[in-house]
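Participant: Sharing a structure, written as structure tokens. Questions coming.
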Protein chains: 2
Amino acid sequence: MRIVIDAMGGDKAPQCNVDGAVMAVKELGYEVTLVGDEKAVTGLLSAQDYPKDKIKVVNASQAIGMEEPAALSVRRKRDSSIVKAVDLLKSDGHDAFVSAGNTGAVVCAGTLSLRLLEGVDRPGIAVIIPTLDKPCMVIDVGANIDPKPLHLLQYGIMGDAYSKHILGKKEPTIGLLNIGEESTKGTDFVKECHTMLSDSRLNFIGNIEPKQVYQGAADVVVCDGFVGNVFLKVTEGVADAASQLVKRELKNSNFITKLGAALTLPAFRKIKRKLDATEYGGAPLLGIDGRVIICHGSSNAKAIKNAIKVAGEYVDHHVNMHIIEELQSF
Amino acid sequence: MRIVIDAMGGDKAPQCNVDGAVMAVKELGYEVTLVGDEKAVTGLLSAQDYPKDKIKVVNASQAIGMEEPAALSVRRKRDSSIVKAVDLLKSDGHDAFVSAGNTGAVVCAGTLSLRLLEGVDRPGIAVIIPTLDKPCMVIDVGANIDPKPLHLLQYGIMGDAYSKHILGKKEPTIGLLNIGEESTKGTDFVKECHTMLSDSRLNFIGNIEPKQVYQGAADVVVCDGFVGNVFLKVTEGVADAASQLVKRELKNSNFITKLGAALTLPAFRKIKRKLDATEYGGAPLLGIDGRVIICHGSSNAKAIKNAIKVAGEYVDHHVNMHIIEELQSF
């Protein structure tokens, strides 16, 4: 398994990527190519202990910032770590690409250079979120913010394939994110999506409200990329604010309450592990003719390592082949 | 102050409305008219102790269910509690209307019967959410799911007026909910909204990501009603799921952890109070020529009482007059 990594991607780059790569090499036995500032990356690597033949470094003289306009920077920065990594994925026998960099730029470079799978009109970012009972795949969370209903049908089909072949669901339930359960609810766009999904051969269970998603009501939830991105970021925002609030409150509390908090720590650690996004690693960019895994900008080394693991599973389970098969059968 | 209440609205109707009305009468000294199934409401009232001249009951032979199609049911069920209550508000000297019933039906009945304020093209539901540092008003959360950019500008102006005159902010900051901070981010719709808000005389601080909303980055956040509704429901969903997860984890934990949990209860109760949506009462439906306060379907008596309080403040502070003034000055 050969994975190429955008060494310059993410808020904690290149450190998180170098450390994540070393963890992946040791734990998974993969070969990794780090693309980025050669001097910096080599410097960080020299402090690490790992099988030297398993990690290669390829220099990229540019990096695309997290907030740079996607299409423009991909066009202009041909020697950026993202563009070069995608080129390596395409031409140099690498199996998958992992990046915690500018999401728009990764989507853009991936789509332009690798092209879409036959039968796919737009790629979608599929993120796996923990719910009360089981993980749920939400697609799209930001690749395609102004989609057509057909794109959401394709997301449903791709999510179905992924859910079957990677998550091991027999007959995944597919829901449509909406603000009410009845088929008459929502915008014209959502209603058209509802009709299209109902008419398909997917195991479509209808509209799903955000609250139900967290109760584990569906295996796959499809939505437009704008709404999906809001969904994801509200989740993060609420979780962050709640945890800050708890810390603040406990800091100002008396000895007894603090003692109580210390005693409950094991339970909260368990919950934290359950909800920890880094456990799920990265989000696959479904629909392109290649394997690209997108990580959160705030990823740490463990998240990068887990994203590399997700990339490996994507390859091992021939997800793209299954997606093509499913699309052809529809 | 005379408030009319939809006695049949909400999951816990009519009990929550009767109890909330009695609380409001006793605590606030308001007069309340309960509209709904006279027999049921009178029966519940008879068990209560309150100044009898302060609560009137008006019979409504119909009720609009929480999931019925809004426009159709308002047209057909002329003797429903919602339609009759709005009529009372319009013609019978009542100051405001409070309902925990079918939101779409309340918006529809309110708009059709009371009409819009001059200069307003669509009403918007303004909900106040707790953030880390201060309450934030999000508008719209579901009245208008397919708006034009002009509507969001009007929401900004109305939110500005409400924030100034009810929440006491001197120069409220207005943000636009988006999936990135830069003005180039988001759909064409959001970009048009950004231009329009930038060109206005509002204290517009640009795009706000969902995460920043919870950090208290803006006093007023505007968005389309579909996205706003998702925003609200994801918040509820995450909070619900997290609290269920904590309960489940603690139930399965050992004596020491349970003891710890008992000791931390005071801190968690404080946090719960801070986040308790029932404390903020209802959400004003801004933009109509009347005062309508919409409550969550799951409202309890306390939430109804607090919504009645919000209705009173809406009247006392002449919010609609200020909205008209602000709109005219733009």
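Participant: So A:Gly206 clears everything in (1) part of a strand (DSSP E or B); (2) within 12 Å of chain B (Cβ to nearest Cβ) except one condition, right? Which one?
Facilitator: All conditions are met except number (2).
Participant: Residues in region A:210-224: is at least one touching a residue at least 12 places away in the same chain (Cβ under 8 Å), within 14 Å of another protein chain (Cβ to nearest Cβ), over 25 Å from B:Asp240 (Cβ atoms) and acidic (Asp, Glu)?
Facilitator: Scanning region A:210-224, I find no residue that is touching a residue at least 12 places away in the same chain (Cβ under 8 Å), within 14 Å of another protein chain (Cβ to nearest Cβ), over 25 Å from B:Asp240 (Cβ atoms) and acidic (Asp, Glu), so the answer is no.
Participant: Identify all residues within region A:204-227 that are more than 11 Å from B:Val234 (Cβ to Cβ) and either within 19 Å of the chain's Cα centre (by Cα) or among the small types (Gly, Ala, Ser) (or both); write none if there are none.
Facilitator: Within region A:204-227, A:Gly206, A:Gly216, A:Ala217, A:Ala218, A:Asp219, A:Val220, A:Val221, A:Val222, A:Cys223, A:Asp224, A:Gly225, A:Phe226 meet the criteria.
Participant: I've got another one for you. Filter region A:254-270 for residues that are facing chain B (nearest Cβ under 7 Å) and buried (at least 18 other Cβ atoms within 10 Å of the Cβ); which is nearest to A:Gln215 (Cα to Cα)?
Facilitator: Result: A:Ala267.
Participant: OK, next. How many residues are within 9 Å of chain A (Cβ to nearest Cβ), in contact with a helix residue (DSSP H, G or I) (Cβ under 7 Å, 6 or more places away or on another chain) and either in contact (Cβ under 8 Å) with a residue 40 or more places away in the chain or of a type in the set (Val, Ile, Thr) (or both) if we restrict to region B:172-184?
Facilitator: 2
Participant: Does region A:6-48 hold any residues that are among the hydroxyl-bearing types (Ser, Thr, Tyr) and surrounded by 18 or more Cβ atoms within 10 Å (Cβ to Cβ), and which are they?
Facilitator: If the condition is that a residue be among the hydroxyl-bearing types (Ser, Thr, Tyr) and surrounded by 18 or more Cβ atoms within 10 Å (Cβ to Cβ), then A:Tyr30, A:Thr33 are the ones that fit.
Participant: Test B:Gly180 against the criterion of being of a type outside the set (Phe, Trp, Tyr), within 19 Å of B:Leu132 (Cα to Cα), modelled with pLDDT under 95 and in the same structural domain as B:Ala161 (by TED's automatic domain parsing), and give yes or no.
Facilitator: Criteria not met by B:Gly180.
Participant: Moving to a separate point now. So A:Ile293 passes all but one of these: (1) within 25 Å of A:Lys148 (Cβ to Cβ); (2) in contact with a strand residue (DSSP E or B) (Cβ under 9 Å, 6 or more places away or on another chain). Which condition number does it fail?
Facilitator: All conditions are met except number (1).
Participant: For residues that are out of contact with any Lys or Arg (no Cβ under 8 Å at 6 or more places or on another chain) and hydroxyl-bearing (Ser, Thr, Tyr), scanning just region A:150-209, find the one that is farthest from B:Asn144 (Cα to Cα).
Facilitator: A:Tyr162
Participant: Can you pull out the residues in region A:102-126 that are under 13 Å from the mean Cα position of the chain (by Cα) and surrounded by 24 or more Cβ atoms within 10 Å (Cβ to Cβ)?
Facilitator: A:Asn102, A:Thr103, A:Val106, A:Val107, A:Pro123, A:Gly124, A:Ile125, A:Ala126, listed by residue number.
Participant: Among the residues that make up region A:293-309, is at least one of them in the same structural domain as A:Thr131 (by TED's automatic domain parsing) and within 25 Å of A:Tyr214 (Cα to Cα)?
Facilitator: Checked region A:293-309: no residue is in the same structural domain as A:Thr131 (by TED's automatic domain parsing) and within 25 Å of A:Tyr214 (Cα to Cα).
Participant: Can I ask one more? Mind checking which residues of region B:158-168 are of a type outside the set (Phe, Trp, Tyr) and within 18 Å of B:Phe330 (Cβ to Cβ)?
Facilitator: Passing the criteria: B:Met158, B:Gly159, B:Asp160, B:Ala161, B:Ser163, B:Lys164, B:His165.
Participant: Only one of A:Gly206, A:Gly142, A:Gly156 is in contact (Cβ under 8 Å) with a residue 24 or more places away in the chain and out of contact with any helix residue (DSSP H, G or I) (no Cβ under 7 Å at 6 or more places or on another chain). Can you tell me which?
Facilitator: A:Gly206
Participant: Has region A:185-198 got at least one residue that is facing another protein chain (nearest Cβ under 10 Å), of a type in the set (A, V, I, L, M), in a helix (DSSP H, G or I) and surrounded by fewer than 17 Cβ atoms within 10 Å (Cβ to Cβ)?
Facilitator: Checking region A:185-198: not a single residue is facing another protein chain (nearest Cβ under 10 Å), of a type in the set (A, V, I, L, M), in a helix (DSSP H, G or I) and surrounded by fewer than 17 Cβ atoms within 10 Å (Cβ to Cβ).
Participant: Same structure, new question: Are any residues in region B:243-253 part of a helix (DSSP H, G or I) and within 7 Å of chain A (Cβ to nearest Cβ), and if so, which ones?
Facilitator: B:Gln244, B:Leu245, B:Val246, B:Glu249, B:Leu250
Participant: Please give the number of the condition A:Gly237 fails out of (1) at the interface with chain B (Cβ under 10 Å from one of its Cβ atoms); (2) in contact (Cβ under 8 Å) with a residue 24 or more places away in the chain; (3) of a type in the set (Gly, Ala, Ser); (4) not in a loop (DSSP other than H, G, I, E, B).
Facilitator: Every condition holds for A:Gly237 apart from (2).
The values are calculated or read from the model by the stated rules, or taken from the named source; none is laboratory data. If you're wondering where the values come from, they're calculated on a predicted model, not measured in any experiment. Note that each Cβ is placed from the backbone with ideal geometry, even for glycine, and that neighbours are counted across all protein chains shown.
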